[in-house]
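First the structure, in the form of C-alpha cells, and then the observations on it.
The values are calculated or read from the model by the stated rules, or taken from the named source; none is laboratory data. Since this is a predicted model, take the numbers as computed values, not measurements. Reconstructed Cβ throughout: ideal geometry from the backbone, glycine too, with neighbour counts over all protein chains shown.
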Amino acid sequence: MKTGKPSALRLLSLTKRLTKGSPKKSPKNILYYIVGACILSVFYYFSQSAQETTSALSGRVTRVVDGDTVHVLVSGEDRTVRLIGVDTPETVHPKKKAQPYGKEASDFTKKSLTGKTVWLEYDVSPLDRYQRHLAYVWLTPPGKGEAAIRRDMFNARLLLDGYGKTMTIQPNSKYADIFARFQKEAREGKRGLWK
C-alpha cells in the first residue's frame, strides 16, 4: 500500500469502493456517495492544514509591528506572527505606554527582518487567542542543535542580544530550556535591557 498524502483521485476511488456492492443506484445511495465524498474532502483539507503548521514554511517579512510581532507573506497569505518564547518591551500596546528599551527592540527587529525571507517553525499550538500565528522565526531553513538556534533563529537573537525576556506559554515550550540559558547569558553579559 502506498503511503504519503492522499490525492483527490485516491479519495474518490476509496469512496467508490466503499459504496461498491450497493444493491442499486437509488437516490438514497447516491446521497450516501455524495456525503461520503464530502466528508473525505473535509478530512483531506484539515489534514493538509495540520501538516502545514507542523513543518517550516518560508515567507517574506512585509511589516514589523514591534519587537516580537511581524507580518509574513506565506503563499499569498499575510500572517501576523507572534514570536514564541520571547517578550520584548511594548511599543504599540493599546492600553500600555511604550516601555523602556521597546523602541530599540522594535528597531532591531525592523532592521533585521523587514523584506527578508524567513522560515516559520510552529510548535504545538499554531494560533493564539487573537488568531496570530505562533512561530519560531528562522533566518535560514531550521537547523538542529544549540549552535544553529544561536546563529539562525531570530527569537534566540532577541534573547542573546538583550532585546527581550523569555516568556513560555504552554504548550509551546520546545526551546524553553535553551531560551532560559540565552537570557541568563545576556543578563550576565549586561546586554541590551540588562545594562
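Just checking, does the stretch 174-195 include any residue being over 20 Å from residue 89 (Cα atoms), in contact with a Leu (Cβ under 7 Å, 6 or more places away or on another chain) and either at pLDDT 95 or above or in a loop (DSSP other than H, G, I, E, B) (or both)? Before the answer, list the steps.
Let us first name the residues in the stretch 174-195 that are over 20 Å from residue 89 (Cα atoms), namely 174-175, 177-178.
If we keep only those that are in contact with a Leu (Cβ under 7 Å, 6 or more places away or on another chain) too, we end up with none.
No - not one qualifying residue is present in the stretch 174-195.
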Open item on the list: For the structure I just gave you, tell me whether residue 141 is surrounded by fewer than 15 Cβ atoms within 10 Å (Cβ to Cβ), outside any strand (DSSP E or B) and touching a Phe, Trp or Tyr at 6+ places or on another chain (Cβ under 8 Å).
Closed with: yes
Open item on the list: Please count how many residues of the stretch 158-173 are surrounded by 17 or more Cβ atoms within 10 Å (Cβ to Cβ) and over 18 Å from residue 90 (Cα atoms).
Closed with: 2
Open item on the list: For the stretch 118-138, which positions are surrounded by 14 or more Cβ atoms within 10 Å (Cβ to Cβ) and among the β-branched types (Val, Ile, Thr)?
Closed with: 118, 137
Open item on the list: As an exercise: evaluate residue 90 against (1) touching a Lys or Arg at 6+ places or on another chain (Cβ under 6 Å); (2) modelled with pLDDT of 95 or more and give the number of the one condition it does not meet.
Closed with: (2)
Open item on the list: Anything in the stretch 71-112 that is in a helix (DSSP H, G or I) and crowded, with 23+ Cβ neighbours inside 10 Å? List them, or say none.
Closed with: 105, 106, 109
